[in-house]
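To keep things clear, I will list the structure first and then write my remarks on it.
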Amino acid sequence: MTKEEVLQTTALFLLDLDGTVYIEDNPIGRMKETLARLRAMGKRLVFLTNNSSKAEWEYREKLARIGLLEGADGVYTSGMAAAEYLKEHFAGRRVFLVATRAVREEFARAGIALDDADPEVCLLAYDTELTFATIKKLDGFLRRGLPFLATHPDDVCPTADGSMPDVGSFLAMFERSSRRTPDLIVGKPYTAMGDALTARFCVPHAQVCMVGDRLYTDIRFAANNGFSSILVLSGETTRAMLDASSERPDLVLPSLNDLV
């Protein structure tokens with residue numbers, strides 16, 4: 001696809017965060033102006049992340065602080081998608097949620113019944129406050145055979161000091177200890193979050209474009225959900241990595257700024 005074709009066919013842009021619109025606290029290039037031009041074209045923008053260690057309000061606070069968020073923009077995380085999945089498919093069930101305090105509070109406000117003693121389903125989010133006591137408790141519930149969900153599959157989370165273990169690394173540990181793998185992973189590159197997004201924003205799959213810097217989450221997510229995709233080379237993926245991959249984005253740009 002050409003840039004013109006992407007702009008003509010897309011109503012909703014899903015924007016990955018780190019490596020796509022910012023790096024740490026720094027917008028990439030003239031990102032403020034780029035997002036303003038997309039809004040002026042009538043495009044809906046949703047900032048989309050697999051990182052479920054923070055609540056929606058925390059991401060909104062950061063995006064507003066660095067000047068990238070406007071009032072009509074959406075923010076959506078794999079944790080929010082997981083909460084909606086639980087409400088639809090496990091309505092009224094008691095949930096053992098492994099997550100940070102802010103995310104647990106977000107789930108409680110969403111009407112999810114949290115239960116650390118006698119749950120009916122388990123959900124593993126990106127708990128950067130994780131303790132061994134929580135690890136042991138989740139392992140015991142998994143051994144009992146309770147339904148097991150995870151927010152996303154990323155092995156590591158990039159930081160200024162290098163990568164640190166993410167949910168995918170935790171999943172490998174629980175597979176070794178409990179012999180369980182998740183019954184469902186909600187976030188990119190899978191379809192549960194894609195279905196939730198199109199339902200929430202009332203947009204057909206064919207009018208959605210995923211913009212991201214990771215082939216195995218962002219671009220594969222688009223392919224799995226019937227979205228168009230833009231790979232930006234402003235983050236993790238290099239041209240050499242793209243050439244060696246079987247993932248085929250619809251458009252490749254140095255950065256999102258080059259779209260407009």
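Figures for the structure shown
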{"read-out": "Close Lys-Lys pairs in the chain, where close means Cα under 17 Å and separation is 8 or more or interchain", "value": "5"}
{"read-out": "Residue-count net charge about ASP115 - beta-carbon cut-off 15 Å; Lys, Arg +1, Asp, Glu -1", "value": "+2"}
{"read-out": "Amide N proximity, the stretch 1-40 versus THR134 label position 7 Å along Cα-to-Cβ, cut-off under 12 Å", "value": "none"}
{"read-out": "Cα centroid of the stretch 187-238 to Cα centroid of the stretch 87-109, whole Å", "value": "25 Å"}
{"read-out": "Theoretical gain in end-to-end length, MET1 to ASP195 [0.36 nm per residue, Cα-Cα removed]", "value": "67.5 nm"}
{"read-out": "At R0 = 30 Å, FRET efficiency that the Cβ-Cβ distance of ALA36 and ALA206 yields, to 0.05", "value": "0.70"}
{"read-out": "Karplus (6.51, -1.76, 1.60) ³J(HN,Hα), θ = phi - 60°, over the stretch 55-69, in Hz, Gly and Pro reported as x", "value": "7, 4, 5, 5, 5, 4, 4, 5, 4, 5, 4, 9, x, 9, 9"}
{"read-out": "Highest-MSF residue in the chain out of THR49, THR151, THR159 [GNM, Cα springs under 10 Å]", "value": "THR159"}
{"read-out": "Förster radius 35 Å - calculated FRET efficiency between GLN8 and THR159, Cβ distance, rounded to 0.05", "value": "0.40"}
{"read-out": "The chain, helix-only ellipticity at 222 nm - DSSP H runs n ≥ 4, -39,500 (n - 2.57), divided by all residues, nearest 500", "value": "-10500 deg cm²/dmol"}
{"read-out": "Option label - semi-axes √(5λ) of the Cα gyration tensor in Å computed here, alternatives (i) 32, 19, 17; (ii) 24, 22, 20; (iii) 42, 18, 16", "value": "(i)"}
{"read-out": "The stretch 160-230: trypsin sites (Lys or Arg not before Pro) in DSSP loop, at most 15 other beta carbons within 10 Å", "value": "ARG179"}
{"read-out": "Antiparallel bridges, percent of DSSP beta bridges restricted to the stretch 79-185 (to nearest 5)", "value": "15 percent"}
{"read-out": "Given 15 as the ceiling on other Cβ atoms within 10 Å, longest exposed-site-free region of the chain for GluC sites (Glu not before Pro) in DSSP loops", "value": "130-260"}
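Coordinate-derived values only; no laboratory data. Predicted model only: the values in this text are computed from it and were never measured. Positions of Cβ are backbone-derived with ideal geometry, glycine not excepted, and every protein chain shown enters the neighbour counts.
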